[in-house]
Amino acid sequence: MAKESPPRPLRLALVGAGRGGSSLLEALEESETEIVAVCDRNPAAPGIAAAHRRGIPVHHDLEAFLAPCADADLVVDVTGDPEVGRRLAARLPPRVHVLDGTAARLLWELTRTTRAQAEAATRRNRRLERVYELAVALSATGDLHDAYQRVLRCALEVAEAPAGSVALLDERTGEMVLAAWRGFPEHFASFRRWRLRPGGLTTHILNRDSPTIIPDITALEEPVNPLLAEAGVRSVVAAPLRAQGRIVGILYVDDFAPRRFDEEAAWILGLLAEYAALALERLRLLEETRRMAVTDGLTRLANQQEFMRRLAEETERANRYGRPLSLITLDLDRFKAYNDRYGHLAGNELLQTLAATIQRVVRRSDLAARTGGEEFCILMPETETEEAARCAERLRREVAALADRYPERIRQAVTVSLGVATLPHHAEDAEALYRAADDALYTAKRGGRNRTVIHPDLAADGVPH
Ligand SMILES: Nc1nc2c(ncn2[C@@H]2O[C@H](COP(=O)(O)OP(=O)(O)OP(=O)(O)O)[C@@H](O)[C@H]2O)c(=O)[nH]1
């Protein structure tokens, strides 16, 4: 059997490059059809520039245009001018078909529809591809913050929206808590929490299986969360985040103008939310485990291991850059007697109150840790001895005032003894710094307790108070 040769592309010539002609040119841009010539009297007609751009021969005179037309299969006449129609019919060989009027419009509409469908399919594939890429990235990351940002970036891209956020449900308090956001100004985060109200928008979103589309929140009757209203959000698509059958939060995608998000975007956001919820929950648990591994369970301060790790790290940094690093060690005075008298639980409560006091007194850049039963350490980068001693004294006074301040929790007046040492003045490495501060603390205990001692003054009575 003879092999069939592939059909050669259709050759088309176009007369009339106004709005209709240029739309047809655009609609045929990616088709196989070969445009052999374009003709329009008006050199400024929109289709003329498009034809030049695509290298299609252009004519402004019908006579000259007839020559390439004789070589075409089809001439499309969108001029609507009967004179042009007559001349084409009279001069072109019968083999060349002429499409004009309604038939030309039909051709344009069919081409446009096909193209729109192809574009929609490409867009859907691109959106699904983004979700797939997100899934791959989420399974590789171990960082919760990074994961939130990736989820938001992907959601905004899929919905072609300028802003979005993730809020998590705090089951204990019945509140929504903002976990991450994108495309909002800084002050957006000032509304970090809001209450769930029965009949409110948040409750409505959480109770639905699929995403909720809201074209204009100002037209809603139910109360809207203050975050959206305050930020000037007008339209929303919101997908519930569910992990193992439990509702964990909401993914919001927002626009500052009223707009109806398309159903396809909402459907894909639903898919994205399903996967994201599982991945985010996994990372949240991982983070929680990590946090627990470095935290003391009773006081929520850093634990001994974390303190030793940070001490080594900060010592190295201080030595490398020639910067001071101070360390305060402190220990409750006669805690055994307190425990014996009021019981272990009351003792625990005292330790927790002391930890909260330490946390209140130190700076954010300092590290407060519980390093033993009733022993605590405060690591203070970039801090000279005098400043550390001032902080120690302030802490000592605050502890002495605890019984007056919290009579329901602290059963009798308590005090602490503190030791201060600074690298490089009193030690050169981590171990020596720890020992120096501890020696100072020991001296404070021997000197009568309820005092601060700076390392070289081991024989002195401590800092005057
Ligand atoms: N309640 C409670 N007590 C603890 C905890 N860890 C250690 N302790 C107690 O802390 C007390 C420490 O006693 P000592 O080391 O003799 O020190 P002290 O009584 O504070 O005396 P000085 O430090 O010399 O002023 C012991 O009774 C421990 O049982 C804890 O987690 N909770």
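The values are calculated or read from the model by the stated rules, or taken from the named source; none is laboratory data. In this text the structure is predicted, and so the values were computed from the model without any measurement. Here Cβ is always computed from backbone atoms with ideal geometry, including for glycine, and neighbour counts include all displayed protein chains.
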Top-ranked residue in the range 317-335 [being over 11 Å from Leu433 (Cβ atoms) and assigned to a helix (DSSP H, G or I); ranked as nearest to the ligand (Cβ to nearest atom)]: Phe335
Lone unmet requirement of (1) outside any helix (DSSP H, G or I); (2) at pLDDT 95 or above; (3) of a type outside the set (A, V, I, L, M, F, W, C) for Glu313: (1)
Within the range 270-287, considering residues that are crowded, with 16+ Cβ neighbours inside 10 Å and over 15 Å from Val166 (Cα atoms), the one modelled with the lowest pLDDT: Arg282
Does Glu393 satisfy the criteria of being in contact (Cβ under 8 Å) with a residue 60 or more places away in the chain, away from the ligand (no atom under 16 Å from the Cβ), under 20 Å from Asn450 (Cα atoms) and buried (at least 16 other Cβ atoms within 10 Å of the Cβ)? yes
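In the range 282-306, what residues are within 16 Å of the ligand (Cβ to nearest atom) and in a helix (DSSP H, G or I)?
Initial filter on the range 282-306 (within 16 Å of the ligand (Cβ to nearest atom)): 295-304.
Scanning the range 282-306 gives a single hit, Gln304.
Mind checking whether some residue in the range 35-52 is closer than 15 Å to Leu107 by Cα and not in a helix (DSSP H, G or I)? Outline the logic, then answer.
Residues of the range 35-52 that are closer than 15 Å to Leu107 by Cα, as a first pass: 35.
Narrowing the set further to residues that are not in a helix (DSSP H, G or I) leaves 35.
Checked against the condition, which is being closer than 15 Å to Leu107 by Cα and not in a helix (DSSP H, G or I), the range 35-52 yields at least one hit.
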Just need a number here: residues in the range 337-371 that are crowded, with 19+ Cβ neighbours inside 10 Å, near the ligand (Cβ under 9 Å from one of its atoms) and not in a helix (DSSP H, G or I). 1
Of those in the range 215-235 that are touching a Lys or Arg at 6+ places or on another chain (Cβ under 9 Å) and β-branched (Val, Ile, Thr), the residue nearest to Ala159 (Cα to Cα) is Ile217
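In this structure, does Gln149 turn out to be without any contact (Cβ under 8 Å) to a residue 24 or more places away in the chain, polar (S, T, N, Q) and under 30 Å from Glu274 (Cβ atoms)?
Working: without any contact (Cβ under 8 Å) to a residue 24 or more places away in the chain: no; polar (S, T, N, Q): yes; under 30 Å from Glu274 (Cβ atoms): yes.
Answer is no for this residue.
Can you tell me which residue within the range 104-158, out of those that are hydroxyl-bearing (Ser, Thr, Tyr) and part of a helix (DSSP H, G or I), is farthest from Trp267 (Cα to Cα)?
From the range 104-158, those hydroxyl-bearing (Ser, Thr, Tyr) are 111, 113-114, 122, 132, 139, 141, 148; that's our starting set.
The next check asks that each one be part of a helix (DSSP H, G or I); those that pass are 111, 113-114, 122, 132, 139, 148.
On the way: Thr111: 28, Thr113: 23, Thr114: 23, Thr122: 16, Tyr132: 14, Ser139: 22, Tyr148: 20 Å.
Filtering the range 104-158 for residues that are hydroxyl-bearing (Ser, Thr, Tyr) and part of a helix (DSSP H, G or I), the one farthest from Trp267 (Cα to Cα) comes out as Thr111.
Here's the yes/no breakdown for (1) farther than 15 Å from Val38 by Cα; (2) over 59 Å from the mean Cα position of the chain (by Cα):
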site: Leu62; (1), (2): no, yes
site: Ala67; (1), (2): no, yes
site: Val75; (1), (2): no, no
site: Val84; (1), (2): no, yes
site: Arg87; (1), (2): yes, yes
site: Arg91; (1), (2): yes, yes
site: Pro94; (1), (2): yes, yes
Among the residues in the range 396-412, are any closer than 27 Å to Arg309 by Cα, in the same structural domain as Gly322 (by TED's automatic domain parsing) and either more than 12 Å from the ligand (Cβ to nearest atom) or hydroxyl-bearing (Ser, Thr, Tyr) (or both)? yes
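Give Ala400, Ala355 a once-over and let me know the one that is touching a strand residue (DSSP E or B) at 6+ places or on another chain (Cβ under 7 Å), of a type in the set (A, V, I, L, M) and touching a residue at least 40 places away in the same chain (Cβ under 8 Å).
Values: Ala400 fails: touching a strand residue (DSSP E or B) at 6+ places or on another chain (Cβ under 7 Å).
Selected residue: Ala355, the only one of Ala400, Ala355 that is touching a strand residue (DSSP E or B) at 6+ places or on another chain (Cβ under 7 Å), of a type in the set (A, V, I, L, M) and touching a residue at least 40 places away in the same chain (Cβ under 8 Å).
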Considering the range 372-390, residues that are within 16 Å of the ligand (Cβ to nearest atom) and in contact with a Leu (Cβ under 6 Å, 6 or more places away or on another chain), and then whichever is nearest to Pro324 (Cα to Cα), we arrive at Phe376
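Quick one: which residue in Thr443, Thr422 is in the same structural domain as Gly343 (by TED's automatic domain parsing) and either away from the ligand (no atom under 14 Å from the Cβ) or outside any helix (DSSP H, G or I) (or both)? Let's see the steps before the verdict.
Numbers: Thr443 fails: either away from the ligand (no atom under 14 Å from the Cβ) or outside any helix (DSSP H, G or I) (or both).
Result of the check over Thr443, Thr422: Thr422.
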